[in-house]
1. Could you say which residue among R117, R134 is within 30 Å of R407 (Cα to Cα), in a helix (DSSP H, G or I) and modelled with pLDDT of 95 or more?
2. Considering the range 76-90 alone, what residues qualify as being of a type outside the set (S, T, Y), assigned to a helix (DSSP H, G or I) and modelled with pLDDT under 90?
3. (1) within 22 Å of G391 (Cα to Cα); (2) aromatic (F, W, Y); (3) modelled with pLDDT of 95 or more: which one isn't true of F93, the others all being true?
4. Please determine whether any residue of the range 143-157 is surrounded by fewer than 21 Cβ atoms within 10 Å (Cβ to Cβ), hydroxyl-bearing (S, T, Y), assigned by TED's automatic domain parsing to the domain that holds S331 and over 14 Å from T347 (Cα atoms).
5. Which of the residues spanning the range 428-472 are touching a Phe, Trp or Tyr at 6+ places or on another chain (Cβ under 8 Å) and outside any helix (DSSP H, G or I)?
6. Based on this model, can you work out whether A386 counts as closer than 30 Å to L455 by Cβ and modelled with pLDDT of 90 or more?
7. Pick out the one residue from T347, T339 that is within 17 Å of F257 (Cα to Cα), in a helix (DSSP H, G or I), outside the structural domain of C456 (by TED's automatic domain parsing) and at pLDDT 90 or above.
8. Let me confirm something: among M324, M262, which residue is of a type in the set (A, V, I, L, M) and closer than 22 Å to G94 by Cα?
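The values are calculated or read from the model by the stated rules, or taken from the named source; none is laboratory data. Predicted, not measured: the structure shown is a model, and the values here were computed from it. Every residue, glycine as well, gets a Cβ built from its backbone with ideal geometry; the counts of neighbours run over all protein chains shown.
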Amino acid sequence: MIITAPKAGGNNNKISGTLNLLAHDIDIYQWGLVIVASLLLFFIAPWSRTSQAFFKATVGDRQPNFWVLTSSLVISWIFAKSITNAANLGLSFGMVGGVAYAAYYLSFIVAGIVIYRMRTKGGFKSIHDFLYTRFGRSAVLLFSFLIVFRLFNEVWSNTMVIGTYFGEQGSTPYFVAIVIFTLLTLAYSLKGGLQSSLLTDVIQMSLFGVLLFIILGILIPREQNDVSRFISSGEWSMAGGLNLLFLALVQAFSYPFHDPVMTDRGFIAPPRTTLRSFLWAAVIGAICIILFSFVGIYGSFQGLKGQAAVEVSATLGVGMMLMMNLIMVTSAASTLDSTFSSFAKLTVLDLRIGRLQPLSAGRWAMVVITILGTVPIFLGPEILSATTISGTMVIGLAPVFVFWHWRVHRLAFHLSVGVGLILGSWYALGSIPQSWIFFEGKYGDLLSLNLIGSLCCFGIFGIIKIWSNGKD
């Protein structure tokens, strides 16, 4: 789910003055951080010489262990857009906003349990293996279409965040930063595919944890060490952020399955190791998101407006701005390299597109998604908005995977997924009747639509199951 940040505006003169005075030094240091960090990852990343290493991070008989897999799961979901959202929600709703956004990490528990059972009870080797076996090639193609758009969105949504730390949206420094950051991340991803992604994820997760600890260590004492003030912030009401919390709980049963960055990692380690990693990733990830929302909560105490992370760091000097920049670069790079790896696997292993040798095809696929995900940034926000696949559009995946063990006619997949796509598109066009909205406040319309849509999708799936049994 992509949540629009509060519109910038109304910043006080103190912040503007600080930004102007520090601009030159910040630009030099920020460019240095991006280049040095990316080059370091490039030299650390291994060169994968086999398809098993490049696509599944398996070298010989050695599969990713618990710590590597857990770190990779957590940091690949704590992407730049995600922590930007967490801070902005903390700014808007206080602690309620952080908890609500963290609720999306229930997705790891749902996906972990479902994938574990699919592997141990069903014997499936991948999500695509399951869909092809149960619902046929047409289901595989429709599902692949959804996740291609997901991966496409991951590229521009994360690189745009990085761009905003170097210049105003649409400015030359903004575009230059996006291009350089994307190419540097692509460079080390091309070397090792998923093997590189997992290794660098461990480093990036460790760095993220250290930076988050330092940032909170600076912010919390400024409120006289009163952590309780952060925890008690916000209003626990539907309009005060609970709409988003319940929306996350509804979407958690469908949202993870259109994210190949997560699901690909569900099939590369032994089943029990994988399940443990998914469960711990849910806990660790949720805690990280809640803690990062403290940045926005602190901003609300100071009366700041706009992008919470940017505005808060601007009031605390060069050091804080550099740490905030580095934490964004770290999280964006971890998601971007995972996106490249997932697209490579999708095209080469799952869809078997092209006739090149697998490693060459995988590397060319990374180049393709880089271009597809970057070019639209130069075409304007309207293009990006039109190409976004939202969490609402994929609610039809919930019954498909929750009831994965059901033998049901393949029509169930297409009708259930189709309902989600129609309702999500309908919402995007602003055509939802007012009578369908049961909850007031922000996200109230989305929650209402997702509840209605989920009931329809599960109902359709159940009806076709009964009809299928009747035919048998």
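1. Working: R134 fails: modelled with pLDDT of 95 or more.
That would be R117, the only listed residue that is within 30 Å of R407 (Cα to Cα), in a helix (DSSP H, G or I) and modelled with pLDDT of 95 or more.
2. In the first step, residues of the range 76-90 are kept if they are of a type outside the set (S, T, Y); the result is 77-81, 83, 85-90.
Right, trim to assigned to a helix (DSSP H, G or I) and you get 77, 80-81, 83, 85-90.
Of everything in the range 76-90, those that are of a type outside the set (S, T, Y), assigned to a helix (DSSP H, G or I) and modelled with pLDDT under 90 turn out to be W77, A80, K81, I83, N85.
3. (3)
4. No: zero hits.
5. Of everything in the range 428-472, just one residue is touching a Phe, Trp or Tyr at 6+ places or on another chain (Cβ under 8 Å) and outside any helix (DSSP H, G or I), namely I432.
6. Details: closer than 30 Å to L455 by Cβ: yes; modelled with pLDDT of 90 or more: no.
Considered against the rule, which asks whether it is closer than 30 Å to L455 by Cβ and modelled with pLDDT of 90 or more, A386 comes out as no.
7. T339
8. Working: M262 fails: closer than 22 Å to G94 by Cα.
Matching residue, one of M324, M262: M324.
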